[in-house]
Amino acid sequence: MPDAAKRKDLEGQKAFIRYWIDTYNYMRESGDPKPFLAACDSNSKFCSGSAKVSASVTKAGLWRVGDPIEISSIKAQGVGDSGADASVIAQVVEPAYEYFPTPNATDFSPRTSSQHHEVSIDLVLGESGWKLLEMGEL
């Protein structure tokens, strides 16, 4: 994690979220969830669900081909009831992708077009810096 991602302000939150999405993209490309889960709060349902899907893809012998997910327009918002130390709104772009090899891979459909989402991201601040608590579409 870059030092900038450990700052306790909005710039630190932005740096952390960019780092976190890199770990997410790495997990989806490699099947290795360790860096991703290390950047997540242990109670995060989003993170545990994402790691479970990644493990299923890996177990099925598939790999994902497509551009990485991008996050932009990160801005502060008020903290809700989640117990987060910070909450931000961001734009997520998930480009089209395919899975290979595809024989008998009926549970893993390709995405044929890019999707844009506005999301809320809740963060908690620990001794080693920020961690992702939850992420959900607005």
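Each reported figure results from applying straightforward, stated rules to the coordinates on display, with no laboratory input. Here the structure is a predicted model, which is why all the values come from computation and not from measurement. Heads up, the Cβs are rebuilt from the backbone with ideal geometry, glycines too, and the neighbour counts pull from every protein chain shown.
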If one takes the longest principal axis of the Cα atoms in the chain, at what angle in degrees, from 0 to 90 and to the nearest 10, does the Cα axis of helix 45-59 lie? 20 degrees
Theoretical gain in end-to-end length, Glu11 to Lys52 [0.36 nm per residue, Cα-Cα removed]: 11.7 nm
In whole Hz, what ³J(HN,Hα) sequence does the range 93-101 give by Karplus (6.51, -1.76, 1.60; θ = phi - 60°), x for Gly and Pro? 10, 10, x, 4, 8, 9, 10, 10, x
Compute the FRET efficiency between Lys34 and Val93 as 1/(1 + (r/R0)^6), taking r as their Cβ-Cβ distance and R0 = 22 Å, and round to the nearest 0.05. 0.30
Helix 10-30 versus the longest principal axis of the chain: what angle, 0 to 90°, nearest 10, using Cα atoms? 20 degrees
Could you work out the Kirkwood radius for the chain, taking every pair of different alpha carbons, averaging 1/r and inverting it, reported in Å? 15.5 Å
